[in-house]
Structure formats: C-alpha cells, structure tokens
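Asks: One structure follows; several queries about it will come next.
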Amino acid sequence: MTGWITHLLAFLVGAGTVVLLLVNRRNRAGSKSGKVLRKLYRQCPEFFDDVRIELGKAEFQDVREFAILKSSQITFVSEDVRFVYYEDELPNLKEIAAGLEDLGFIDDVTRGKTPLYRMRENFVTALGSL
C-alpha cells in the first residue's frame, strides 16, 4: 500500500519540478523579449505611443492591422479599418516591424505591394508596459 503512495509522491515532485523549470524558462524568454521591445521603443517612441493612443479609443480598440507606406503623399484605401504609418515620418518603421515580427509580436499579412501587419494580443498587452 505504501509503495504506490511513494511512487505517487515521486511523480508529483518530478512533475512539479518540470513545471517550475518551464515557468522559469518562460519568464526568462519574456524578460528578453521585453528588453528588446523597450530597445525598439527607444528607436521610435512615436510609433508605439501612437498605436497605444489609437487602441485606447473606443472606435479603434479592436483594430489589429497596420500598413506602412513610403510617403504621406500616398493615399491608402482599404475596406477594413487599419492604422497607416509613413516611412517619411517614421524612417525606422520597417526595421521596427521586422523586430516586432522576430519577437512574435506581429505577423506580416501583406497580400499586395503595401506592407501590412497584424498585431498579436501579446503586443497589445505589452504596449501597456512601455
């Protein structure tokens, strides 16, 4: 009778150790991505602040896509509501987008010539900590 209790306790201790290791690994990965996100923020705070402000508005709280255009002189037409940012106003924007994509914060969903990105919820959440 005590044999199965011993095995059960050993299993539970082992399982708990695995869970703790996974949580620790996840926290370290989150810490690293947070540092890189803050570095990207320092390169172009206007972009991050604008996204945060726009998402804070009731009419835009569900918008998750943004386009990057070369110039503010170009007209962007879309059936869906999307944020639009211009490289002539924010020169590092494509590099910022590449960094956010590498970190898993956004996805490139370009279907034509205009770069189009979809924000993941972890990015929307992370904006609050910048």
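The values are calculated or read from the model by the stated rules, or taken from the named source; none is laboratory data. Not measured: the values here are computed from a predicted model. Here Cβ is always computed from backbone atoms with ideal geometry, including for glycine, and neighbour counts include all displayed protein chains.
Asks: Could you list, in sequence order, all residues of the stretch 95-130 that are touching a Pro at 6+ places or on another chain (Cβ under 8 Å) and farther than 15 Å from VAL51 by Cα?
Replies: ASP108
Asks: Checking SER31 against (1) at pLDDT below 95; (2) over 20 Å from SER129 (Cβ atoms); (3) among the hydroxyl-bearing types (Ser, Thr, Tyr): exactly one of these is not met. Which one?
Replies: Only one criterion in (1) at pLDDT below 95; (2) over 20 Å from SER129 (Cβ atoms); (3) among the hydroxyl-bearing types (Ser, Thr, Tyr) is unmet by SER31, namely (2).
Asks: Under the condition of being of a type outside the set (Gly, Ala, Ser) and in a loop (DSSP other than H, G, I, E, B), which residue from the stretch 96-115 is farthest from the chain's Cα centre (by Cα)?
Replies: Of the residues in the stretch 96-115, the ones of a type outside the set (Gly, Ala, Ser) are 96, 100-103, 105-111, 113-115.
Going one step further and asking which of them are in a loop (DSSP other than H, G, I, E, B), we end up with 103, 105, 109-111, 113-115.
Details: LEU103: 7, PHE105: 2, VAL109: 14, THR110: 17, ARG111: 20, LYS113: 23, THR114: 20, PRO115: 17 Å.
My answer is LYS113.
Asks: Hey, does the stretch 66-74 have a residue that's under 18 Å from LEU37 (Cβ atoms), surrounded by 13 or more Cβ atoms within 10 Å (Cβ to Cβ), modelled with pLDDT under 95 and of a type outside the set (Val, Ile, Thr)? Outline the logic, then answer.
Replies: Kept after step one, since they are under 18 Å from LEU37 (Cβ atoms), are these residues of the stretch 66-74: 66.
Narrowing the set further to residues that are surrounded by 13 or more Cβ atoms within 10 Å (Cβ to Cβ) leaves 66.
Add one more test, that the residue is modelled with pLDDT under 95, and what stays is none.
Looking for residues that are under 18 Å from LEU37 (Cβ atoms), surrounded by 13 or more Cβ atoms within 10 Å (Cβ to Cβ), modelled with pLDDT under 95 and of a type outside the set (Val, Ile, Thr), one finds none in the stretch 66-74, hence no.
Asks: Just name the residue that is farthest from ARG42 (Cα to Cα) out of those in the stretch 65-95 that are of a type in the set (Asp, Glu) and not in a loop (DSSP other than H, G, I, E, B). If you could, list the steps in order and put the result at the bottom.
Replies: Narrowing the stretch 65-95 to residues of a type in the set (Asp, Glu): 65, 79-80, 87-89, 95.
Adding the requirement that they be not in a loop (DSSP other than H, G, I, E, B) leaves 65, 95.
Values: GLU65: 22, GLU95: 13 Å.
Out of the qualifying residues, it is GLU65.
Asks: In addition: What about VAL19, is it modelled with pLDDT of 95 or more and either surrounded by 10 or more Cβ atoms within 10 Å (Cβ to Cβ) or on the phi > 0 side of the Ramachandran plot (or both)?
Replies: Working: modelled with pLDDT of 95 or more: no; either surrounded by 10 or more Cβ atoms within 10 Å (Cβ to Cβ) or on the phi > 0 side of the Ramachandran plot (or both): yes.
Here the answer is no, as VAL19 does not meet what is asked.
Asks: Same structure again: Here are ASP62, ASP50: which of them is in a helix (DSSP H, G or I), closer than 22 Å to THR110 by Cβ and either in contact with a Gly (Cβ under 6 Å, 6 or more places away or on another chain) or modelled with pLDDT of 70 or more (or both)? Spell out the reasoning first.
Replies: On the way: ASP62 fails: in a helix (DSSP H, G or I).
Exactly one residue qualifies, and that residue is ASP50.
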